[in-house]
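All remarks here apply to the structure that follows.
The values are calculated or read from the model by the stated rules, or taken from the named source; none is laboratory data. Predicted model, so just to flag it, every value in this text is computed and none were measured. FYI the Cβ positions are ideal-geometry reconstructions off the backbone, even for glycines, and counts take in every protein chain you see.
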Amino acid sequence: MKNVNLISFLTTLLFAIHPFNVESVAWMSASKVLVYALFYLLATYTFLLYLKNNRFIFYIFTLILFFFSFWGKEQAVTFPVWLFLILLFLNKQKAWHLLVPFLFLSFWFGITTMISQGVNGEGVLTENTTYSFGQRFVYACYSFFEYLFKSIFPIKLSYLYPFPSQVGESLPVWLLTYPLLLLILFVAFRKQLSRWPIALGLLIFTIHIIIALHIIPLSRYAVVADRYAYISTIGICFIISYYSVKHLNNKLICCLLVIYILYMGIYANQRSYVWQNTDTLKQELRSLLQQRENYDIEYNRTFGRPFSK
């Protein structure tokens with residue numbers, strides 16, 4: 001029980017100071033992420049109470065909280081899948097029928113989102129030209145890798161991660177390597193990935209990031225956005241915490257953990273200053289555009305054509 005409490009505390013600590021989560025907290029326009037996450041996690045808690053006490057009132061609370069979570073942000077549509085993972089982890093697969101109302105609500109919420117975006121000329125229901133399915137698949141692989149890497153090693157975080165190519169253009173050659181890279185990593189580490197601590201953490205991460213991977217063309221102006229990984233980072237923080245606590249007697253692991261925590265806290269503090277006001281955001285955006293222009297010039301020299309229009 002002592003280790004469980006320590007893992008929970010360390011997971012919470014890493015989540016609280018993760019630089020990836022600064023945008024959701026510091027940017028007023030991203031406050032809907034906090035609303036969605038609050039009711040999402042409360043719904044998870046009441047569902048666990050229902051499974052433990054079998055009191056129907058907790059099941060009703062879960063439905064209501066899920067409803068509130070979606071009205072905070074559409075990413076909540078993954079909630080039934082998340083509940084299924086909980087049932088699977090607790091070896092309660094026979095209780096799958098409990099998910100039926102949540103699946104119905106999730107389907108309705110998803111349709112509502114697509115219709116609302118279609119009215120604004122965006123998303124899957126619009127006739128506007130979008131990326132092809134093959135391009136969206138490549139972008140999904142790229143986004144997944146970026147979210148995963150930055151959740152573990154949060155470096156070079158940015159206010160904006162623009163798409164490397166515009167709709168109608170062919171994808172850059174370097175982008176096509178990401179599906180192969182993910183396949184190689186999966187084959188090379190398939191045994192490690194099947195072990196429950198890593199498998200559970202990665203499933204938590206994947207379930208809550210999949211809606212932001214561009215597989216379904218929704219209203220997205222950036223290929224990656226820090227705020228979309230808010231709940232997903234819990235899965236990565238859990239994996240890091242589990243193995244850190246498991247090897248807590250190793251002095252090297254303890255030193256690395258302290259350094260990692262200090263780095264996360266210091267970088268999160270630095271990122272908070274970027275979101276201090278409009279001027280600081282514009283300054284980062286100008287720096288980003290300058291880097292993009294320099295890269296465009298270098299790409300043009302190498303391949304004889306501009307990287308972007």
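Taking the stretch 253-288 as the range and being exposed (fewer than 15 other Cβ atoms within 10 Å of the Cβ) and of a type in the set (F, W, Y) as the test, only Y273 passes.
Check the stretch 85-99 and report whether any residue there is out of contact with any Leu (no Cβ under 9 Å at 6 or more places or on another chain), among the charged types (D, E, K, R) and surrounded by fewer than 19 Cβ atoms within 10 Å (Cβ to Cβ). There is no residue in the stretch 85-99 that is out of contact with any Leu (no Cβ under 9 Å at 6 or more places or on another chain), among the charged types (D, E, K, R) and surrounded by fewer than 19 Cβ atoms within 10 Å (Cβ to Cβ). Looking at the stretch 226-253, which of its residues are touching a helix residue (DSSP H, G or I) at 6+ places or on another chain (Cβ under 7 Å), at pLDDT 90 or above and hydrophobic (A, V, I, L, M, F, W, C)? Of everything in the stretch 226-253, those that are touching a helix residue (DSSP H, G or I) at 6+ places or on another chain (Cβ under 7 Å), at pLDDT 90 or above and hydrophobic (A, V, I, L, M, F, W, C) turn out to be A229, I231, I234, I236, C237, F238, I239, I240, V245, I253. Considering only the stretch 112-149, how many residues are in contact with a Leu (Cβ under 7 Å, 6 or more places away or on another chain) and at pLDDT 70 or above? Final tally of qualifying residues: 10. Please specify each residue of the stretch 18-45 satisfying the condition of being crowded, with 19+ Cβ neighbours inside 10 Å and in contact with a helix residue (DSSP H, G or I) (Cβ under 6 Å, 6 or more places away or on another chain). Across the stretch 18-45, the qualifying residues are H18, P19, F20, V22, E23, S24, A30, V33, Y36, F39, Y40, A43. Answer yes or no: is there a residue in the stretch 196-211 that is surrounded by fewer than 12 Cβ atoms within 10 Å (Cβ to Cβ), within 23 Å of the chain's Cα centre (by Cα) and free of Cβ contacts under 8 Å to residues at least 24 places away in the same chain. Within the stretch 196-211 (the criterion being surrounded by fewer than 12 Cβ atoms within 10 Å (Cβ to Cβ), within 23 Å of the chain's Cα centre (by Cα) and free of Cβ contacts under 8 Å to residues at least 24 places away in the same chain), the answer is yes, since at least one residue qualifies.
Restricted to helices (runs of 4 or more DSSP H) entirely inside the stretch 145-218, those with at least 1 residues that are closer than 26 Å to F107 by Cβ are 196-209.
Just checking, does the stretch 70-80 include any residue being closer than 30 Å to R271 by Cα and of a type in the set (A, V, I, L, M)? So far as the stretch 70-80 goes, yes, one or more of its residues are closer than 30 Å to R271 by Cα and of a type in the set (A, V, I, L, M).
Taking the criterion of being at pLDDT below 90 and either over 15 Å from I204 (Cβ atoms) or charged (D, E, K, R) (or both), would at least one residue in the stretch 36-48 satisfy it? Write out each step before concluding.
Looking only at the stretch 36-48, we keep the residues that are at pLDDT below 90, and these are none.
Taking every residue of the stretch 36-48 in turn, none turns out to be at pLDDT below 90 and either over 15 Å from I204 (Cβ atoms) or charged (D, E, K, R) (or both).
Here is the figure for the stretch 69-87: residues that are within 20 Å of the chain's Cα centre (by Cα) and free of Cβ contacts under 8 Å to residues at least 40 places away in the same chain total 7.
Looking across the stretch 49-68, just one residue is modelled with pLDDT of 95 or more and of a type in the set (S, T, N, Q), and that is T62. In the stretch 226-245, the qualifying residues are those that are over 18 Å from F153 (Cβ atoms) and of a type in the set (A, V, I, L, M), and the one that is surrounded by the fewest Cβ atoms within 10 Å (Cβ to Cβ) is V245.
Close Cβ contacts (under 6 Å, 6 or more residues apart or on different chains) running from residues in the stretch 28-53 that are in contact (Cβ under 8 Å) with a residue 12 or more places away in the chain to residues that are crowded, with 21+ Cβ neighbours inside 10 Å and aromatic (F, W, Y) comprise V33/Y230; A37/Y230; A43/F66.
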